[in-house]
Amino acid sequence: MGVSLKEVRYVHAPRCICSGISEKVVSYELDGFGDTSDRAYCAMVYLECVTHSGLYLRLMASKTRVAPLVKQGTARLELMAGRIAAQLKDAVEKALQSRIAINSAHVWLDSVTALYCLEQIRKGFETDHKRAMEPLPGSRKSSRSWIAGCHSNDNQE
């Protein structure tokens, strides 16, 4: 069934964004995802290369972080995952801006509670989680404006 890492002799990881795509790309879209568990949180950014005959996905970057030693609520960890997803998306978009034109970019979270907190922050209300979403020095202030929800039956928080 599975292969042990010790048994792997050769790993091929193409570095070209468009490798394997034989036709013209119509549009490029970035999708970032953030998620968490009680021990860690993570973010990843994919580039969608849309052609007339299909969609090609490329993992552009990912980042994981261990949850703080002091116990955090799930909503706060989801916000922290959303923050690193937004930062990662900005970094990928900046790196690609001189090579390709990104048509749209989104970051997705599946926590209804975190999305509610983001909406309250966007409206200007003070929340306990506001500090988790403060922009870092030098980051773009628009990072929060495109975080959207991705509903999951498995995550009811």
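Across the stretch 84-126, the qualifying residues are those that are charged (D, E, K, R) and at pLDDT below 85, and the one among them that is nearest to Arg65 (Cα to Cα) is Asp110.
When residues of the stretch 51-77 are filtered for being in a helix (DSSP H, G or I) and either closer than 30 Å to Ser27 by Cα or among the polar types (S, T, N, Q) (or both), how many remain? Outline the logic, then answer.
Of the residues in the stretch 51-77, the ones in a helix (DSSP H, G or I) are 74-77.
Remaining after also requiring either closer than 30 Å to Ser27 by Cα or among the polar types (S, T, N, Q) (or both): 74.
Of the residues in the stretch 51-77, 1 are in a helix (DSSP H, G or I) and either closer than 30 Å to Ser27 by Cα or among the polar types (S, T, N, Q) (or both).
Find all pairs meeting these conditions: Cβ atoms under 7 angstrom apart; at least six residues apart or on different chains; first residue within the stretch 15-26 and closer than 12 Å to Leu57 by Cα and without any contact (Cβ under 8 Å) to a residue 12 or more places away in the chain; second residue charged (D, E, K, R) and assigned to a loop (DSSP other than H, G, I, E, B). Nothing qualifies. Taken over the stretch 50-106, residues that are of a type in the set (D, E, K, R), over 25 Å from Ile21 (Cβ atoms) and surrounded by fewer than 19 Cβ atoms within 10 Å (Cβ to Cβ) amount to 3. The conditions of being assigned to a strand (DSSP E or B), out of contact with any helix residue (DSSP H, G or I) (no Cβ under 8 Å at 6 or more places or on another chain) and free of Cβ contacts under 8 Å to residues at least 60 places away in the same chain are not met by Cys42. Taking the criterion of being touching a residue at least 40 places away in the same chain (Cβ under 8 Å) and among the polar types (S, T, N, Q), the only residue of the stretch 45-84 that qualifies is Thr74.
Scanning the stretch 19-37 for residues that are closer than 30 Å to Asp110 by Cβ and at pLDDT below 85 gives Gly20, Ile21. Listed conditions (1) modelled with pLDDT of 80 or more; (2) within 18 Å of Ala61 (Cβ to Cβ) are all met by Ser143, apart from (1).
Taking the stretch 89-122 as the range and being assigned to a helix (DSSP H, G or I) and under 24 Å from Val26 (Cα atoms) as the test, the residues that pass are Lys89, Asp90, Ala91, Val92, Glu93, Lys94, Ala95, Leu96.
The values are calculated or read from the model by the stated rules, or taken from the named source; none is laboratory data. All values reported here derive from a predicted model rather than from experimental measurement. Every residue, glycine among them, receives a Cβ derived from its backbone with ideal geometry; neighbour counts consider all protein chains shown.
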